[in-house]
């Protein structure tokens, strides 16, 4: 099963409308059932950073995408690369 790029765009747009500027998502790559998203921003100091990525999963469900976090890599203090897989 492949990821619908239109649903990804809707998810990113709605996520950023709610979460930005604390966390901003941008598409890096889509390949088959994998999705790579860059998250950057100051992030809330009292929140767990992983919560922002889980929020993306929830937002994706609202756009008919069922995702699971596969990998999280911190690139800089305010920059994370997160790989999701379609389930």
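Every number in this text was worked out from the coordinates using simple rules, so none of it is lab data. Bear in mind the structure is a predicted one, so any value in this text is a computation, not a measurement. Every residue, glycine as well, gets a Cβ built from its backbone with ideal geometry; the counts of neighbours run over all protein chains shown.
Pairs of Cα atoms nearer than 8 Å and 6+ residues apart set the relative contact order; for the range 5-86 it is 31 percent. Of the residues 37, 3, the one with the fewest other Cβ atoms within 10 Å heads the list, and the complete ranking is 3, 37. Shown here: the chain, whose C-alpha atoms stretch 37, 23, 17 Å along the first, second and third principal axes, sorted largest to smallest.
Starting from the Cα gyration tensor of the range 46-87, take the square roots of the eigenvalues, sort them a ≥ b ≥ c, and report rounded, prolate or oblate (rounded when a/c is under 1.5, otherwise prolate if a/b is larger than b/c, else oblate). The shape class here is oblate. Relative to the current alpha-carbon distance between residue 73 and residue 49, full extension at 0.36 nm per residue lengthens the span by 7.5 nm. Each label point was placed 7 Å from the Cα along the Cα-to-Cβ direction; for residue 38 and residue 26 their separation is 0.4 nm.
Report summary: the helix-based calculation at 222 nm, which adds -39500 (n - 2.57) for every DSSP H run with n ≥ 4 and divides by the residues of the chain, gives -10500 deg cm²/dmol.
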